[in-house]
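Worksheet: the structure to be examined is printed underneath.
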Amino acid sequence: SDHMENIYGYLMKYTNLVTGWQYRFFVLNNDAGLLEYFVNEQSRHLKPRGTLQLAGAVISPSDEDSHTFTVNAASGEQYKLRATDAKERQHWVSRLQICTQHHTEAIGKNNPPLKSRSFSLASQGSANSPGVQRRPSQNAVSFFSVGHHRLPTGKRVPIMQPDHLVDVREMMSQAEGQQRDLIRSIECLPVSGHLTSLDQDLLMLKATSMATMNCLNDCFHILQLQHASQQKGSLPAGTTISWLEPKISLANHFKNGAAQNFPAEINKPASVREEQSIAEACQLTREPEEINPDEELEDICDDKEDDLGAVEEQRSVILHLLSQLKLGMDLTRVVLPTFILEKRSLLEMYADFMSHPDLFIAITNGTSPEERMIRFVEYYLTSFHEGRKGAIAKKPYNPIIGETFHCSWRMPKSDVATDAGSNFSAHSPSEQVTLSKDLESQTDLDYYTVKFVAEQVSHHPPVSGFYAECVERKMCVNAHVWTKSKFLGMSIGVTMVGEGLLSLLEHGEEYTFSLPCAYARSILTVPWVELGGKVNINCVKTGYSASINFHTKPFYGGKLHRVTGEVKQNMTNTVVCRVQGEWNSVLEFTYSNGETKYVDLTKLSVTRKRVRPLEKQGPFESRRLWQHVTESLRDGDIDKATEHKRALEERQRNEERIRAETEAPWCTKYFLKEGEGWVYHKPLWKTVSAAQTQQMDTN
């Protein structure tokens, strides 16, 4: 058949976070059922760099864009590939699917179906009987005997026939029932003695058995899709085989597999009833509110997150949570246990990235485009250290839709780096034209003010917008971030999808930038955070750009938290600055003139942000919104914190349901949707432009 022709050509292949995408020459060998790739076309006569068996593989067009697709082999190996356009992707996907189907059917014809097996949990008597008591040397898993016996098999059935799938479904149902019996048997064990329900081996058995059943369900789902494709001839264009959602609600399984019991509504604390009734009792206006920085006071909260004991004590909860997650599973809708939470909202975490306002303001003080780009890179790399609270990987609160956070910083002008001959307290007549009334009122002050506002503009997907400005220095930054988290086995990965824009209005320059991925590693022991991925900073007007790589630690050897980068002039391709070091320790900057500067992040002075007291904050401002959760976490009362957190989440779900029923769109307060991004409703570039227009009209 002409549909079974061998095809070849260049595709981009994703290697890893460090290397990224690379062009490789791919060959589809239909006769052998292989997908091979080489470094280039000239090396095609050599041994392939990689080979995938296509029999039993799943070819999945990606929903990320119209160019990407994945080839998931039955062995578990995966190629993530990218074509030049949608048409080329469809060509490769359709040919790969045809080849895969052909060789999968061939295996089915040449091999008999698998023999059926059933599993039974042998009864060991009651928990109090002597037979249950385990000797010290006895492994906990051996307490449960699993018997195997073969069921009589009928005549051979061709692969993927409907009755075969019915048999598989019946065996799956039996296995699921026996797995539930296993879990029930473990949870019925006493909490003390030689063999308890909290035995580490038994908890691991619970986790792995649940993960196995989830994996089997996924495989059965794939079999059903392949059977459907046989009936229709081929998989429909654009078909994506995705992971199934867990059958067990994570929200109801916090404590060793048992559902969390919450008191009835009438018995709830007054603070919880208040959280649930805010939206009902108050018709909150969505009009933007002007925050007066003079009402803000220096923050005295110092919530360090170095408590490792809670993680060790809650190991059983982590194991149970892991038993219900699958590789690649999106964690956006997963309710995580309260004890792993930081005592701050994600919106406040974004504010903490601005904890070095002196370096932020100093960007615009650079005397040349080159110097301003280098200063922005210096500020960017120093922001992540203070954004983390301690070494342990904890998770900030997921902001609810409509939540906001306001703060500001005051920075003495004498503490901001300037250059010889620069005088930033005075402006030329042409510059004075653009000064707003707010700016004029600040010229006599001996400090700069940086104002910050963040808002959760979307719930699904979870998108946050944040904006900061220094009016006197005529600079501002606007960003929107969509946090996509996935389960990666023994770690959790968070991709920060979005873009930021720094505007230096005195120079007419705009700098676009992205954010790295974050990973919580070793989640079964003491979790820790590392950053990974490549980010880019670019200024179109000046032609300067920066490329920064956050390196994840290799499996063997290597340093933690390593970062490298370079700043270059795009027109001449000249590197003007190189940086290396650790993003949470010491950074080394080497400039084109041969000079080297070291920055010890642990010794950088941190400027405390200024926030309004709780009593002056609105009910949807982060600290007031989460105050009862935060107080309970400070007191170490995890159950009470969970109760308050659950009340907030329930309120958000109810409001979302009402909006869906009434088809009422959500109205944001401070940020407006523009294209694919979100922009602050009154950015400084609009204010300055309006002031210039008004001055021209006056003249």
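Laid out as a table, the results:
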read-out: Pairs, first closer than 23 Å to L205 by Cα and open to solvent by less than 70 Å² (accessible area, probe 1.4 Å) in region 161-188, second aliphatic (A, V, I, L, M) and modelled with pLDDT of 75 or more, C-beta under 8 Å, six or more apart; value: M172/L216; A175/M213; A175/L216; E176/M213; Q179/M213; L182/L205; I186/L202; I186/L205
read-out: So T662, is it β-branched (V, I, T) and farther than 17 Å from F466 by Cβ; value: yes
read-out: Cβ pairs under 7 Å, 6+ apart, first in region 49-66 and in the same structural domain as T100 (by the TED database) and under 14 Å from A32 (Cα atoms), second open to solvent by 20 Å² or more (accessible area, probe 1.4 Å) and at pLDDT 90 or above; value: T51/L34; T51/E36; L52/L34; Q53/L34; L54/L34
read-out: Selected residue (only one of K534, K553 is free of Cβ contacts under 8 Å to residues at least 40 places away in the same chain and either open to solvent by less than 10 Å² (accessible area, probe 1.4 Å) or not polar (S, T, N, Q) (or both)); value: K553
read-out: Residues of region 163-198 satisfying the condition of being in a helix (DSSP H, G or I), hydrophobic (A, V, I, L, M, F, W, C) and within 34 Å of the chain's Cα centre (by Cα); value: M172, A175, L182, I183, I186
read-out: Residues that are under 19 Å from T382 (Cβ atoms) and among the aromatic types (F, W, Y), drawn from region 477-517; value: Y511, F513
read-out: Wholly enclosed strands (runs of 3 or more DSSP E) of region 364-477 bearing at least 3 residues crowded, with 16+ Cβ neighbours inside 10 Å, modelled with pLDDT of 85 or more and touching a Leu at 6+ places or on another chain (Cβ under 8 Å); value: 447-458, 463-470
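Residue by residue, here is whether (1) assigned to a loop (DSSP other than H, G, I, E, B); (2) touching a residue at least 40 places away in the same chain (Cβ under 8 Å); (3) aliphatic (A, V, I, L, M) holds:
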| position | (1), (2), (3) |
| --- | --- |
| E615 | no, no, no |
| R624 | no, no, no |
| H628 | no, yes, no |
| E631 | no, no, no |
| R653 | no, no, no |
| E656 | no, yes, no |
| W666 | yes, yes, no |
| K669 | yes, yes, no |
| L672 | no, no, yes |
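The values are calculated or read from the model by the stated rules, or taken from the named source; none is laboratory data. All values derive from a computational prediction rather than experimental measurement. So basically every Cβ, Gly included, is an ideal-geometry build from the backbone, and we count neighbours across all protein chains shown. Areas reflect the complete protein model, heavy atoms only, side chains present, ligands, DNA and RNA absent. Shrake-Rupley method; radii C 1.70, N 1.55, O 1.52, S 1.80 Å.
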